[in-house]
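Here is the structure we will look at, set down as C-alpha cells.
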Amino acid sequence: MTSENRPQLSYLREQLAEIEAKGLHSRQRVLDGEQLPIADFDGKEVINLSSNNYLGLASHRVLRRAAIEAIRRWGVGAGAVRPIAGTMRLHVELEEQIARFKGTPACVVFQSGFTANAGTVAALLGKEDLIISDELNHASIIDGCRLSRATIKVFRHKDLADCERVLKETENWQGKKLLITDGVFSMEGDIADLPALCDLADRYNCIMMVDDAHSSGVLGSRGRGTIDHCGVHGRVDIQVGTLSKAIGSIGGYVCGSKDLIEFLYHRARPFLFSTSHPPSVTATCQAAFELLDSEAGEKLIKKLWSNTKFFKGKLKKLGFKTGASETPITPIMVGDAGKAFEFSRELFAEGVLAMAIGFRTVPEGKARLRTIVTATHKRADLERAAEIIGRVGKKLGVVA
C-alpha cells in the first residue's frame with residue numbers, strides 16, 4: 001500500500017472535491033525568471049499585478065551586488081539559531097539600521113513577517129490578558145492572538161465607536177491589554193486611523209501594536225510606514241514590519257523599546273528556535289534600507305504612487321468597484337467567489353496575472369481580484385492591463 005492509498009487522509013480528497021465544485025480550486029502559478037512587472041508564469045508572458053515587490057527591489061542591481069559580496073565574505077548560511085551561535089555581525093548591524101530608520105530605540109529581526117507577528121503577540125500576552133483586534137487584521141496577528149491564550153475581542157473594521165465600546169466594556173480588566181491593528185490592510189488597501197486608535201490606547205491603558213507590513217517602503221517619509229505617515233511617533237509601543245515586500249527579500253522585524261526587544265530575544269519562540277538569516281539575505285536587506293533612505297529610494301516611491309493613481313483612475317473610469325483602497329493594493333470587487341476565480345483565469349489567458357481572493361481569506365460574498373502596481377510598471381503596461389481587465393470584466397458581467 002502506498003501513502004496515496006492509505007485511508008487516514010481520505011477526507012482531504014472529499015474536501016478538495018468540494019472546493020473544486022464551488023469553482024474555487026486554483027493552482028500555483030510558476031514563475032520562470034525574475035519577479036518583474038512583465039513576467040513569465042507557466043511559460044506565458046503576462047503583466048504581473050500580483051506581486052508585493054512594490055519598488056522592484058527583488059531584482060535591483062544594488063541588492064544583487066550586496067548578496068554576492070556577502071556570500072563571498074560570510075558564506076551561505078548562519079549555521080545556528082541566534083541565541084546559540086547564529087548571530088553574525090551582519091544581523092546586529094541590520095537590526096540597528098532598521099531601528100534608526102523607524103525612529104525607535106531597538107529592533108529584532110525574525111525569519112518572516114508572519115513569525116514576527118505571531119511570535120511577538122504570543123510572547124507578550126498570556127491567558128489572563130486581553131487583546132482588542134480589528135476584524136480584518138492579518139492571519140499572522142490572529143494566529144498570534146490564539147497562541148497567546150489571551151481573551152480576544154474583535155471590533156468592526158476601522159469602526160472607532162465599536163472599538164471604544166469594547167474598551168469600555170473591558171475597562172476594569174485585571175490583566176494586560178493589547179490594542180492591535182494593521183497599518184495598511186492587506187486585502188482592502190485602506191489605512192488604519194492610527195491617531196484615533198493611539199488616543200484610545202492611551203485612554204484605556206492599552207499596549208499599542210501596529211503591523212506595518214504593507215506600508216514600510218510605501219508610506220511615510222522615504223517609506224518609514226504608517227507611524228510616520230500618521231505622525232504618531234512615540235505613541236506606538238510595538239511596530240512590526242516585513243522584509244519580504246517593498247524591501248524585496250525575506251523576513252520580518254519588530255521595533256520598539258530596548259526592554260521589548262530584549263524580552264523578545266529571550267521569549268519569542270520563532271526567534272529562539274529558527275536558524276538565523278543567511279548572510280546574503282541580511283546583506284540585501286541592509287542594501288535595501290540604505291537605498292530607501294536616499295534620493296533614489298524617494299524617486300521609486302514617487303513612481304509607485306504615480307502608477308497607483310494612474311491605475312486606480314483607469315479602473316474607476318471603467319466602472320469597477322475598488323472598495324476603500326488608499327494604497328497600491330487595489331481590490332477589484334466581484335462578490336461571487338466562483339466568478340472572481342473565473343475572472344482571474346480569463347485574464348491570465350489574455351495576458352494579465354491578477355489573482356482571485358475568496359473565502360476564507362476574505363468574508364463570503366466579498367471575493368475580489370487583488371491587484372498591486374509597482375514602481376517598475378511602465379504606463380504602457382498599465383494601459384494594456386486596464387484595457388484587458390475592462391474587456392474581460394464586461395464579458396463576465398462584472399461591469400456593464
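If you check Gly33, Gly56 for being of a type outside the set (S, T, N, Q), surrounded by fewer than 19 Cβ atoms within 10 Å (Cβ to Cβ) and either modelled with pLDDT under 95 or out of contact with any helix residue (DSSP H, G or I) (no Cβ under 6 Å at 6 or more places or on another chain) (or both), only one passes: Gly33. Checked against the criteria, Thr330 does not count as open to solvent by 50 Å² or more (accessible area, probe 1.4 Å) and either touching a residue at least 60 places away in the same chain (Cβ under 8 Å) or more than 18 Å from Gly189 (Cα to Cα) (or both). Residues of the stretch 153-198 that are in contact with a helix residue (DSSP H, G or I) (Cβ under 8 Å, 6 or more places away or on another chain), open to solvent by 50 Å² or more (accessible area, probe 1.4 Å) and in a helix (DSSP H, G or I): Leu160 alone. Residues in the stretch 88-105 that are touching a residue at least 24 places away in the same chain (Cβ under 8 Å) and over 22 Å from His229 (Cβ atoms): Met88, Leu90, His91, Glu93, Leu94, Glu95.
Filtered by the rule that a residue be within 15 Å of Glu69 (Cα to Cα), of a type outside the set (A, V, I, L, M) and in a helix (DSSP H, G or I), the stretch 265-289 gives Pro279, Ser280, Thr282, Thr284, Cys285, Gln286. Taken over the stretch 291-327, the criterion of being closer than 30 Å to Glu93 by Cα, charged (D, E, K, R) and surrounded by fewer than 16 Cβ atoms within 10 Å (Cβ to Cβ) is satisfied by Glu295, Glu298, Lys299, Lys302.
Residues of the stretch 81-106 that are touching a helix residue (DSSP H, G or I) at 6+ places or on another chain (Cβ under 9 Å), open to solvent by less than 40 Å² (accessible area, probe 1.4 Å) and either within 15 Å of Pro270 (Cβ to Cβ) or assigned to a helix (DSSP H, G or I) (or both): Val81, Arg82, Leu90, His91, Leu94, Glu95, Gln97, Ile98, Ala99, Phe101, Lys102. Screening Met1 with (1) at pLDDT 95 or above; (2) assigned to a loop (DSSP other than H, G, I, E, B); (3) aliphatic (A, V, I, L, M) gives one miss only, at (1).
Candidates in the stretch 364-389 are the residues that are in contact with a Lys or Arg (Cβ under 8 Å, 6 or more places away or on another chain) and assigned to a helix (DSSP H, G or I); of these, the one that is most open to solvent (accessible area, probe 1.4 Å) is Glu383.
Could you look through the stretch 346-362, keep only residues that are of a type in the set (Val, Ile, Thr) and not in a loop (DSSP other than H, G, I, E, B), and pick out the one that is surrounded by the fewest Cβ atoms within 10 Å (Cβ to Cβ)? So that I can check it myself, show each step before the final result.
The first filter runs over the stretch 346-362 and keeps only residues of a type in the set (Val, Ile, Thr), leaving 352, 357, 361-362.
Filter once more, so that each one left must be not in a loop (DSSP other than H, G, I, E, B): 352, 357.
Working: Val352: 24, Ile357: 19.
Per the criteria, the residue is Ile357.
Look through Leu304, Leu264, Leu292 and report the one residue that is touching a Phe, Trp or Tyr at 6+ places or on another chain (Cβ under 9 Å) and within 19 Å of Gly86 (Cβ to Cβ).
Within the list Leu304, Leu264, Leu292, the selection yields Leu264.
When Phe114 is tested against the conditions (1) farther than 21 Å from Asp259 by Cα; (2) more than 18 Å from the chain's Cα centre (by Cα); (3) among the aromatic types (Phe, Trp, Tyr), the lone failure is (2).
Does the stretch 279-295 contain at least one residue that is in contact (Cβ under 8 Å) with a residue 12 or more places away in the chain, touching a strand residue (DSSP E or B) at 6+ places or on another chain (Cβ under 6 Å) and more than 30 Å from Asp381 (Cβ to Cβ)? Within the stretch 279-295, not a single residue is in contact (Cβ under 8 Å) with a residue 12 or more places away in the chain, touching a strand residue (DSSP E or B) at 6+ places or on another chain (Cβ under 6 Å) and more than 30 Å from Asp381 (Cβ to Cβ). Residue count for the stretch 220-277, restricted to those that are open to solvent by 30 Å² or more (accessible area, probe 1.4 Å), hydroxyl-bearing (Ser, Thr, Tyr), over 24 Å from Gly79 (Cβ atoms) and touching a residue at least 60 places away in the same chain (Cβ under 8 Å): 1.
Listed by first and then second residue, the pairs linking a residue in the stretch 119-134 that is open to solvent by less than 10 Å² (accessible area, probe 1.4 Å) to a residue that is at pLDDT below 95 and basic (Lys, Arg), with Cβ atoms under 7 Å apart and 6 or more places separating them unless they lie on different chains, form an empty list.
The values are calculated or read from the model by the stated rules, or taken from the named source; none is laboratory data. Quick caveat: nothing in here was measured; it's all calculated off a predicted structure. Heads up, the Cβs are rebuilt from the backbone with ideal geometry, glycines too, and the neighbour counts pull from every protein chain shown. Note: areas computed on protein heavy atoms with side chains; ligands, DNA, RNA excluded. Shrake-Rupley method; radii C 1.70, N 1.55, O 1.52, S 1.80 Å.
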